[in-house]
1. Over the chain, with the other protein chains present, what is the accessible area per residue in square angstrom, probe 1.4 angstrom?
2. With θ set to phi - 60°, apply the Karplus curve 6.51 cos²θ - 1.76 cosθ + 1.60 along the range 87-95 and write out the HN-Hα couplings as whole Hz, x wherever there is a Gly or Pro.
3. What's the angle, to the nearest 10 degrees (0 to 90), between helix 5-31's Cα axis and the longest principal axis of the chain?
4. Placing +1 on the Cβ of each Lys and Arg and -1 on the Cβ of each Asp and Glu in the chain, which of 329, 120, 53 has its Cα farthest towards the positive end of the resulting dipole?
5. Relative to the present Cα-Cα distance, how much length would full extension add between residue 240 and residue 303 at 0.36 nm per residue of separation?
6. Calculate the FRET efficiency for residue 286 and residue 358 from the Cβ-Cβ distance with a Förster distance of 41 Å, rounded to the nearest 0.05.
7. If you build a Gaussian network model of the chain, linking Cα atoms that sit under 10 Å apart, which residue out of 73, 184, 378 swings the most?
8. Mean separation of Cα pairs under 8 Å and 6+ residues apart, divided by the residue count of the chain: what relative contact order is that in percent?
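The values are calculated or read from the model by the stated rules, or taken from the named source; none is laboratory data. As the structure is a computational prediction, the values presented were derived from the model and not from experiment. No Cβ is skipped: glycine too gets one built from the backbone with ideal geometry, and neighbour counts run over all protein chains shown. We work out accessible area using only protein heavy atoms, side chains counted, and drop any ligands, DNA or RNA first. Shrake-Rupley method; radii C 1.70, N 1.55, O 1.52, S 1.80 Å.
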Amino acid sequence: MGFPRGRRRLVMAVAALLAVAVVAVVVHRVLAPAEVSTVARGDYPAAPRPAPGVIGRLPAAPLIVDARLRVYAAHRQVYADRPVDWRYRTTPFWSYRRWPAELSGVVASGRTVVSRWSDGRLVALDASSGRVLWRAAGPAPAEDDAVTRRTGAATVWDPRGLYLTDLADGRTVLVVTGAAEARAVQVADGRELWRVDLPGSCRSDVGTTADGQLIGLDTCAGPAAVEFRDAATGQVRERWQPPGVAADGLVVSPLGCRTGRSGCPAVRTAGPGDAGGRGWLVTGGEPTAAPALDLAGATVVGDQAVAVVDGVAVGRSARSGVELWRFGGLGPARVLAVQPGRVHVLTETNELVTLDPVTGAQLSRFTLNVGSDGTGWAPGAVAAADGYLAVERLREPVDPDGDDKRYYLTAEAVILAAT
């Protein structure tokens, strides 16, 4: 005997409804927006003091935070490992993941790590524990045609539209820009300070100064001008046109930045036909000409302008141009990166020479080689902080359009050194 026809239909209908409900629950759990925070279970490490030399190689670009951690970017995750001077990447110390948003950029100030996501959300994490400190809304990132490579270097070393700067009263501000809007929040607590509309593609970011200004290049209303916006109020302080440079085709590049394009004490302006352009100091008021920065490849660290000319590193006063020191015997070389108290020079044979920017004294010198990888590679993206230097190693000849396997020297493409 079976169920009567009416009861059988009822049972089938109930079963179908249950099946739909189960599917709905599964779909919700899989596709619904989610946030997974895995906090640290161990102690916050002390800052080590490694001897100068190559520490190791990594598959991903590390953002050095508080001289204690390495923070990395994945597609939908930001995570950290320790110790900072370990030879290889280790099990995450903490991690933070969101779904379905994608990670757009990461910056750090002290022990605060701020991540930006494709939906505009800003999430600040405590570097010592990985716990969420605050969340804030921000403009969605502008579309970027740049290729996202597997190391994540662009996300942690040069996050577009994500800039730190310090105010005169000691506060650190994060300025976040999108396609048509900019906002500023305090790093300490995520409180929004201001938001303004931006004109769109006719304006582009340059970076932030070391004294609380957002620099932009504006071609919207007439000739191109460099725009300085107060990071405390959002108001444009000045629109400046570099003398002697054609407004059409004006290019502005930040110099000597503390990290990425944040905290930059100088810029170089160039127009069509300029061989190297002109250098300008952009802290402490109106931009001031700095002829010592005119040379292509010159940069600034502290009050010193440094360049390599004919195998000789030369340090000059950035303001007066007076020569302060010389360091010779480098052969073909270039300034690779700077950080407070250090100038990193890379020779043609991939030897890293680190100099004191005030005196020109050699602080360390060694070849950037690890294992049996050799030195037959070209430097790619680079970052320097807290006495460490990390460099992407690219396969020669460099193919900017090649896939990651062709582009990078090895699977562990990033070499990390203590200087």
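1. Each residue of the chain exposes 46 Å² on average to a 1.4 Å probe.
2. After applying 6.51 cos²θ - 1.76 cosθ + 1.60, I find 5, 10, 5, 10, 4, x, 6, 8, 8 Hz.
3. Tilt of helix 5-31: around 10 degrees.
4. So the residue we want is 120.
5. Residue separation times 0.36 nm, minus the Cα-Cα distance, leaves 20.4 nm.
6. 0.95
7. Between 73, 184, 378, it is 378 that shows the largest mean-square fluctuation.
8. Reported relative contact order: 11 percent.
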